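A.B. asks: One structure, pasted below without further comment.
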Amino acid sequence: MRGIKQAGRWKVVAARREPFPDRRRDRFPRGRYEGVFLGNDGEDWMVGRMFTGASMTDGFDPETGDWWRSAYYDSPSQEATAKRDAAIARYFERASEIGLGDGMFQQRTNEAVDRHLAQLVDVSKVYDLAAGWDEVDPAPGSNALRSRYFLQSARTAKYCLLGELRRTRSSCGIDLTPVGFGVSVHEAYELVINATGPIAFTMGRFRYYLTYQGTYHNDARTTPSEQARRRPHPDLDRDY
């Protein structure tokens, strides 16, 4: 399923389903689910199961709107990031149970979640941003680790930074960082999700940022319409 759809009160962030259930029904005993979806509503997350012959809107309790046989991550005592991480992990487990989970599936799911988080706050009027991160204090004699993107729409830049945050959180050394130095994983995600302009923060040994400063990617495939959609900050000089 492509794009974000609605299932009751849940926005469907990611979903995967057996492509030809009617042709291979012997794989699914009575009551056996054939697909999974990951839903979000504010800070709450859930993992729903789709059953043979059921549509995305079947299976809801008509009185409460709750999806039957699902896992919910909606504890008010948990941080949003912890609930999201737990829901994604369960989503992968549920998909693997019916043979739909693999490395590419997990990658595509993580990218779908990043896209969803990047559009939660409206940045349509924000000037183009460049995303990046770099190592704060590299070892003597070594090259500092870093990654930087070209200027892109604010929403795309946030998506890129969320992806870098996800890929580097296990290697940034936050567990070895003294208390009070930099931000937590949850605080880092909240800063990027809620960003409506340039930001910079340190998590572990890496510094992450969104900035108006930068250059655009230009090559033979860059079309006039793409150039026309660019929105550089008017007070900053750059190489276009």
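A.B. asks: Determine whether segment 114-129 contains at least one residue that is surrounded by fewer than 17 Cβ atoms within 10 Å (Cβ to Cβ), in contact with a Leu (Cβ under 8 Å, 6 or more places away or on another chain), at pLDDT 90 or above and not aromatic (Phe, Trp, Tyr).
C.D. replies: no
A.B. asks: Okay, next question. Report yes if residue 169 is under 26 Å from residue 43 (Cα atoms), within 14 Å of the chain's Cα centre (by Cα), at pLDDT below 95 and open to solvent by 20 Å² or more (accessible area, probe 1.4 Å), otherwise no.
C.D. replies: So residue 169 fits the description; yes.
A.B. asks: Limited to segment 175-221, what total is found for residues that are without any contact (Cβ under 8 Å) to a residue 24 or more places away in the chain and either among the basic types (Lys, Arg) or in a loop (DSSP other than H, G, I, E, B) (or both)?
C.D. replies: Total satisfying the criteria: 11.
A.B. asks: Just checking, how many residues over segment 5-33 are farther than 15 Å from residue 91 by Cβ and either surrounded by 13 or more Cβ atoms within 10 Å (Cβ to Cβ) or modelled with pLDDT of 85 or more (or both)?
C.D. replies: Of the residues in segment 5-33, 9 are farther than 15 Å from residue 91 by Cβ and either surrounded by 13 or more Cβ atoms within 10 Å (Cβ to Cβ) or modelled with pLDDT of 85 or more (or both).
A.B. asks: In segment 71-108, which residue that is over 21 Å from residue 186 (Cβ atoms) and of a type in the set (Gly, Ala, Ser) is least open to solvent (accessible area, probe 1.4 Å)?
C.D. replies: Among those residues, the one meeting the criterion is 95.
A.B. asks: Checking residue 154 against (1) surrounded by 13 or more Cβ atoms within 10 Å (Cβ to Cβ); (2) at positive phi, only one condition comes out false. Which one?
C.D. replies: (2)
A.B. asks: Quickly run through segment 143-174 and pick out the residues that are assigned to a helix (DSSP H, G or I) and in contact with a Gly (Cβ under 7 Å, 6 or more places away or on another chain).
C.D. replies: The answer is 174, and nothing else.
The values are calculated or read from the model by the stated rules, or taken from the named source; none is laboratory data. Bear in mind that the values here come from a model prediction, so they are computed numbers and not experimental data. As a convention, Cβ positions derive from the backbone with ideal geometry for all residues, glycine included, and neighbour counts pool all protein chains shown. Accessible surface is based on the protein model in full, side chains and every heavy atom, while ligands, DNA and RNA are left aside. Shrake-Rupley method; radii C 1.70, N 1.55, O 1.52, S 1.80 Å.
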